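Just below is one structure, and these are the notes that go with it.
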Amino acid sequence: MEVKTNSSRAVKLRLICIALIFLMNPNVYIVDILPDFIGYLLIIKAISDASCLAPHFKEAKSAFTKLFYINLSRILALLIIGGRNYADYDIYALFSISYFILETIFVIPAFKELYDAFFYLGERYDAAPAIKPYPYGKKSALHPEKLPVATFIFLTAKNLIAVIPELFRLTGPDTTLDSGYVAGMRRFYSPVLVLCVIVCLVWGIIWLRRTWAYFSNLERDGSVDRVVIGLISEKYSYFEKKIMVRRLRFALMFAIAGFFFAIDFTLDGINVLPDVIPALFLLISFLLLSRYLGSARLGKTAVAVYIPLTLAAYVLHVVFISKYTYYDIVRDSDFSSGARRLYTAVEVLSVFEFIAFVFLMLALLRMLIEFSRRYTGIDPHSERYNSMDAEFHRAEKRSAIIFTVIGILSALAWLVYIFLNASMITTLKDDRVPSGSTILTQRIEWFWMVPFILSIILAVYAAVYFKKLWTEAAYKYTDEYDEEEPRISEE
């Protein structure tokens with residue numbers, strides 16, 4: 001069986017080699033010229049396919065993911081302390097020591113799992129170059145089992161070397177008023193910093209050459225990649241279904257986010273967040289689902305129609321608010337000021353936006369029904385399908401219909417609100433004002449709460465309902481595959 005991975009290789013050893021370049025350079029307190037998080041991200045990408053089945057790769061990916069986020073936070077730390085004048089430099093030392101501790105805790109298990117993954121393939125399968133001495137230079141060879149210890153020592157020392165110069169800054173200066181001479185340890189900061197950078201750079205180049213030679217040798221040989229592809233081929237159905245469940249969950253998470261961004265919180269009668277934002281989230285969700293649902297094509301068409309209409313209605317509404325108020329609509333009874341004419345265009349576009357949204361919700365209803373029948377419960381075409389399974393799918397269909405109705409009611413409430421903006425002004429008499437004066441007030445002051453509450457109900461219902469769908473899908477395939485997770489043959 002031909003196995004299709006994200007690229008021609010299941011373990012992208014060339015990416016690991018590139019990642020090593022980002023890990024060999026020294027840090028200056030929290031500044032990293034070649035950011036380590038890019039190196040960790042490349043390693044995650046390199047072992048992503050293998051992490052689904054090959055031993056130790058999953059643990060390595062998880063550990064490097066934690067390292068990625070820890071190292072990425074250096075940017076936030078740099079923004080926090082950058083540009084500030086800390087006279088005693090305590091903050092620099094604090095951050096340097098904190099990152100030294102955090103990265104040392106996580107970097108050792110991450111690389112341990114990575115090397116164990118390759119050593120396991122070399123010991124149990126036909127990937128002997130992973131554990132055999134590999135060429136280093138023209139005449140020498142190095143033993144792979146020494147690489148983990150060398151890596152742990154170098155990366156720990158690299159983080160420690162970044163801390164040492166900052167410790168010199170913690171010592172208070174002893175100055176003489178006449179000469180201004182500084183006698184404290186702080187005066188050694190610059191030469192110590194330069195020395196530490198040079199030592200770390202030279203050490204890093206030596207470490208890079210050794211590890212690069214190892215992974216380059218594995219790439220040229222190709223046995224590691226062949227073994228991993230063989231493992232994936234052996235249990236290809238399991239691999240594909242596991243990936244499928246992840247993608248379905250990812251798609252539904254985008255849909256949930258879209259409906260939360262669709263909450264109708266208004267300011268001056270306009271949504272704080274335009275509905276084009278949730279529409280884009282739904283478009284991404286439909287694109288992800290199009291691989292698994294035939295009805296997703298209709299959903300993509302519906303959202304493609306909805307996006308320009310809702311964007312045009314929002315922009316026109318903003319233009320109206322920037323030039324007029326809703327009171328101007330009442331005053332412009334003869335269309336002389338242009339307020340009524342412009343808001344009429346807003347109302348017309350809002351009607352078309354509502355129609356497009358109804359079309360979108362009906363397309364989504366069709367997708368949800370197809371999703372529940374194909375990826376939850378027992379397949380209706382299966383011989384095991386019985387009355388209880390049919391009732392389960394009918395219940396899922398009812399949930400989808402309720403969701404659709406709430407969505408349409410929410411959009412209808414917003415459309416009514418748009419029309420009420422133009423007609424919610426009335427003239428009242430009030431004894432507290434001079435004779436002949438009038439007060440303009442809103443006819444239904446509280447109506448903005450109706451679309452707001454309905455949109456919240458829709459977002460919460462979407463979160464609960466979509467989470468149930470992906471849980472049922474995961475349970476269906478986990479029940480069939482994960483409880484009897486494939487035992488990888490060691491022949």
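Here, each number is a calculation from the coordinates, and none is a lab measurement. Being a predicted model, the structure only gives us computed values, none of them experimental. Cβ coordinates were reconstructed from backbone atoms using ideal geometry, including for glycine residues, and neighbour counts include every protein chain displayed.
Directionally averaged projected area (the stretch 295-400, Cα convex hull): 8.7 nm². Taking 16 Å as the cut-off, the amide N atoms of the stretch 285-314 that come nearer than this to a point 7 Å along the Cα-to-beta-carbon line of F352 belong to 302-314. Annotation: amide H-H contacts under 5 Å for L142 (H modelled 1.01 Å from N, sequence separation of 5 or more, or interchain): Y134, Y136.
Quick check on the stretch 236-482: what does the Kirkwood estimate of hydrodynamic radius come out to from the alpha carbon pairs, in Å? It would help to have the intermediate numbers written out before the result.
On the way: mean 1/r = 0.0495 Å⁻¹.
Its Kirkwood hydrodynamic radius stands at 20.2 Å.
Exposure proxy shown here: for K158, K138, K397, the number of other Cβ atoms within 10 Å sets the order, fewest to most, as K138, K397, K158.
If neighbour count is taken as other Cβ atoms inside 10 Å, put V464, V11 in order from fewest to most.
Working: V464 13, V11 28.
Listing V464, V11 from fewest to most nearby Cβ atoms yields V464, V11.
Most exposed first by the Cβ proxy, i.e. fewest other Cβ within 10 Å, how do R74, R394 rank?
Values: R74 20, R394 11.
Placing the least packed residue first, the sequence is R394, R74.
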